[in-house]
1. State which residue is surrounded by the most Cβ atoms within 10 Å (Cβ to Cβ) when the search covers only the stretch 67-81 and only residues that are free of Cβ contacts under 8 Å to residues at least 40 places away in the same chain and out of contact with any helix residue (DSSP H, G or I) (no Cβ under 6 Å at 6 or more places or on another chain).
2. When you scan the stretch 8-23, do you find a residue that is part of a helix (DSSP H, G or I) and surrounded by fewer than 17 Cβ atoms within 10 Å (Cβ to Cβ), even just one?
3. Just checking, does the stretch 91-112 include any residue being outside any strand (DSSP E or B) and within 19 Å of residue 174 (Cβ to Cβ)?
4. Residues of the stretch 158-172 being more than 17 Å from the chain's Cα centre (by Cα) and either of a type in the set (A, V, I, L, M, F, W, C) or closer than 20 Å to residue 81 by Cβ (or both), which ones?
5. I'd like the residue in the stretch 155-182 that is over 22 Å from residue 8 (Cα atoms) and out of contact with any strand residue (DSSP E or B) (no Cβ under 9 Å at 6 or more places or on another chain) and, out of all such residues, is surrounded by the most Cβ atoms within 10 Å (Cβ to Cβ).
6. Given the structure, is residue 39 under 16 Å from the mean Cα position of the chain (by Cα), buried (at least 16 other Cβ atoms within 10 Å of the Cβ) and among the β-branched types (Val, Ile, Thr)?
7. Name the residues in the stretch 1-36 that are acidic (Asp, Glu) and under 19 Å from the mean Cα position of the chain (by Cα), would you?
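The values are calculated or read from the model by the stated rules, or taken from the named source; none is laboratory data. Since the structure is predicted, the reported quantities are computational estimates derived from the model, not experimental observations. With ideal geometry, Cβ positions are generated from the backbone for all residues, glycine too; neighbour counts draw on all protein chains shown.
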Amino acid sequence: MRRAAEEQWPARVAAVVANRADAAGLAFAAANGIATVVVEHKAFATREAFDAALAEAIDRFAPDLVLLAGFMRVLGPAFVRRYEGRLMNIHPSLLPAFPGLHTHRRVLEAGCKVTGATVLFVTADLDHGPIVIQSAVPVRGGDDEAALAARVLASEHVIYPLAVRWFVEGELELAGTLVRQRRGASQLLA
């Protein structure tokens, strides 16, 4: 949100929709005059019912792009298809390595020398969609999960806004499982 305003992108944040009333993004959005909606997943008996309510809430704002951030729910295939090619997420690893949870612990246990973050288009295959951009982050001797997570998060704050800007400015070409940056900008930051 901040980067779009600072750099004057041809875009605006239409709303922040969360599945938890305590999501940090809600307070930030409200303080900045951005609409907020909470669709509590616990209020629904099935994932499909939650997905339908979530889609209804999102569709009220007619977004061109739907961004997931800190959203720790698996979305069903129908929801993902509804927003195909315009639903992005960020994951704290160099996908396809280490999809799912407990990423930093798994990276350290595997003895990796490098990790990072990945921005991707969401598909029904969890954490395996077309990759928009990745950042490489060194794993340092003596790292624990918290130290590694902090460095990866810093890189996420660079690549996620960049990926969004590319989308907003029409700089991404999605062809099947591949994403190309039309001007040839690097899709890997080290």
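1. The first filter runs over the stretch 67-81 and keeps only residues free of Cβ contacts under 8 Å to residues at least 40 places away in the same chain, leaving 72, 78-79.
Next cut, out of contact with any helix residue (DSSP H, G or I) (no Cβ under 6 Å at 6 or more places or on another chain) only: 72, 78.
Numbers: 72: 9, 78: 13.
Among them, the one singled out is 78.
2. Pass one, the stretch 8-23, residues part of a helix (DSSP H, G or I): none.
No.
3. yes
4. Once the filter is applied, which keeps residues that are more than 17 Å from the chain's Cα centre (by Cα) and either of a type in the set (A, V, I, L, M, F, W, C) or closer than 20 Å to residue 81 by Cβ (or both), the stretch 158-172 yields nothing.
5. 175
6. no
7. Correct list: 22 only.
Every residue, every condition in (1) on the phi > 0 side of the Ramachandran plot; (2) touching a helix residue (DSSP H, G or I) at 6+ places or on another chain (Cβ under 9 Å), yes or no:
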{"position": "97", "(1), (2)": "no, yes"}
{"position": "130", "(1), (2)": "no, no"}
{"position": "134", "(1), (2)": "no, yes"}
{"position": "137", "(1), (2)": "no, yes"}
{"position": "146", "(1), (2)": "no, yes"}
{"position": "155", "(1), (2)": "no, no"}
{"position": "167", "(1), (2)": "no, no"}
{"position": "177", "(1), (2)": "no, no"}
{"position": "184", "(1), (2)": "yes, no"}
